[in-house]
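J.: Here's a structure for you.
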Amino acid sequence: MKNILFVVTFIFISTCIFSQNIQLKKFNSKELNNDRYLRIYIPPSYHLDSTKLYPLTIVLDAEYLFDVYVGNAILFANKEKAPEQIIVGINQNQYNERYEDCSYSEENSFPTQQADAFYRFIRSELFDYFEDNYRISPFKTIVGNTLTANFINYFLIEEYPAFSAFVNINPYYAMDMPTMLQNKIQTLNNENIYYYLSNTKYNTDKYENTIKTTNSLLSISENSKFKYKYDSFDNSSITASIGQAIPSAISFIFDLYSAISKDEFDSNIKHLSPADAIAYLENKYVEIEYLFGSNLKIRESDIFAVESIILDKENGDYLKNFGEMINKLHKESPIGDYYIGRYYETGGKYKQALNYYKNGYMKLPEGDPNADGYYENIERVLNKREGINIEPTNEN
């Protein structure tokens, strides 16, 4: 009972916190010739840093999906598993607008005239408004469920896809959509496209089978620009699967943003040379900044993730490069000085090694638990200068 009360309290507090950052905006659309209501979530940090850019996420069926997406986005951002996002929900269910907004012709699977107007509303009016009035990064995501999940694919099959990521939750695909998707992904050759698809056995046979067919077509794609994930929540209802699909999609789409995992290390880094490992680390963070607008310093955990390669391969020849890179990013940290000191020590240049070890030691705050271990590096080099050989310590 206590655990249930804790969870309910946590959800209530979280809802109150993020609701303070949500605006309700009436948007007059010329394309639709009426007013539409938007729910807009702005991260708290937006007003603290006037230079930072944010990915934009547009959520259809906002009455059902918006709060679930925002809650998960906040959680992932707080855990540094995804960047903070500006999230825009489009209300479509007051008068069942979704059926006209997302309708398509049974003959050719393309949007009807009314749906085409809704497409232009998003593609031109909303894009222009948010790019003119908010600091938006190049990365954009769109989220839909059932009928609206089919509609979001029209932004992918166009000549230049409007979004970088597509979250398709239990889509009610138009008859020709699976083939149109298969044909489109073969032609992708610019930016990466992230495509998430979910299914449940509680969909009708028609839609469940169409989703399975689509998965079969998409999963065999050999285009490296097409990043794809499929989930089948066989024990969940259509409604319950929404709460499972959204965090799974966020984790997949923003995997690049996360710190280096064991899987990433084993797949992409483990067999690299020191020079290539350093380049991989630098490129990872350059891409994070470009796509998500997040000017992150390289995380210390990612520095340590590639440390073994730098130390163990090519006789430590790249320790100096590694240390200099770290000193540029983390001037206050002793880590960069440690690696440069280690480089000079390995080469028998004890005077230079001593200078860097001392410089790093002076950066440690008073009472730091690593101080004694770090000082052992200084003592070791002093002993080497006097002809007493002691093995180096990895304390830093």
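The values are calculated or read from the model by the stated rules, or taken from the named source; none is laboratory data. Keep in mind the model is a prediction, meaning the values are calculated, not measured. Positions of Cβ are backbone-derived with ideal geometry, glycine not excepted, and every protein chain shown enters the neighbour counts. Just the protein is used for accessible areas: all its heavy atoms, side chains included, with ligands, DNA and RNA removed. Shrake-Rupley method; radii C 1.70, N 1.55, O 1.52, S 1.80 Å.
J.: So which GluC sites (Glu not before Pro) in region 216-288 pass both tests, a DSSP loop state and at most 16 other Cβ atoms within 10 Å of the Cβ?
T.: GLU222
J.: Given a Förster radius of 56 Å and the C-beta distance between GLN114 and PHE304 as r, what FRET efficiency does 1/(1 + (r/R0)^6) yield to the nearest 0.05? Please report the intermediate quantities before stating the final value.
T.: On the way: r = 55 Å, r/R0 = 0.99.
Taking R0 as 56 Å, the efficiency between GLN114 and PHE304 is 0.50.
J.: Taking 1 over the mean of 1/r across every pair of different Cα atoms in region 54-160, what Kirkwood radius in Å do you get?
T.: It is 14.7 Å.
J.: Oh, and also: Over the chain, what lengths in whole Å, largest first, do the semi-axes of the equivalent ellipsoid take, defined as the square roots of 5 times the eigenvalues of the alpha-carbon gyration tensor? Mind showing how you got there, number by number?
T.: Values: eigenvalues 487, 107, 75 Å².
So the three semi-axes of the chain are 49, 23, 19 Å.
J.: Could you check the simple spin-label distance between THR204 and LYS30, using points 7 Å along Cα→Cβ, in nm with one decimal?
T.: 3.9
J.: Same structure, new question: Which whole-Hz ³J(HN,Hα) couplings does region 297-306 yield from phi under the Karplus relation 6.51 cos²θ - 1.76 cosθ + 1.60, θ = phi - 60°, glycine and proline marked x?
T.: 6, 4, 4, 4, 5, 6, 4, 5, 5, 9
J.: In nanometres, what is the gap between the two model label sites at MET362 and GLU107, each 7 Å from Cα along Cα-to-Cβ?
T.: 8.1
J.: So which trypsin sites (Lys or Arg not before Pro) in region 132-232 are both in a DSSP loop and have at most 16 other Cβ atoms within 10 Å of their Cβ? It would help to have the intermediate numbers written out before the result.
T.: Values: sites: ARG135, LYS140, LYS184, LYS201, LYS206, LYS212, LYS225, LYS227, LYS229; in loops: ARG135, LYS201, LYS225.
Answer by residue number: ARG135, LYS201, LYS225.
J.: With 12 Å as the cut-off, how large is the P(r) tail for region 276-329, expressed as percent of Cα-Cα pairs?
T.: For region 276-329, the share of Cα pairs beyond 12 Å comes to 66 percent.
J.: Okay, moving on. In whole percent, how big is the carbon plus sulfur part of the accessible area of the chain, probe 1.4 Å, protein atoms only?
T.: Its accessible area is 49 percent carbon and sulfur atoms.
J.: Continuing with this model, one more query. Pairs of Cα atoms under 8 Å, at least six residues apart: use those to get the relative contact order of region 91-172, whole percent.
T.: Answer for region 91-172 is 25 percent.
J.: Taking the Cα-to-Cβ direction at GLN94 and at ARG123 and moving 7 Å from each Cα, how far apart do the two end points lie in nm?
T.: Taking the simple label geometry, GLN94 and ARG123 are separated by 2.6 nm.
J.: With 10 Å bins from zero, work out the P(r) of region 212-270 over every alpha carbon pair and list the percent per bin.
T.: 18, 38, 35, 9, 0
J.: Rounded to the nearest 10 degrees, what's the angle between the helix 350-363 long axis and the longest principal axis of the chain, both from Cα atoms, 0 to 90?
T.: On a 0 to 90 degree scale, this one is about 50.
J.: Give the relative contact order (percent, whole number) for region 238-333; include only Cα pairs under 8 Å separated by 6+ residues.
T.: Normalised by residue count, the contact order of region 238-333 is 27 percent.
J.: While we're looking at this one, here's another question. Using the heavy atoms of the protein chains alone and a 1.4 angstrom probe, what is the accessible area of region 226-328 per residue in square angstrom?
T.: 47
J.: Which whole-number percent gives the relative contact order of region 45-137, counting Cα pairs below 8 Å spaced six or more residues apart?
T.: Details: 91 pairs, mean separation 29.2, N = 93.
Value for region 45-137: 31 percent.
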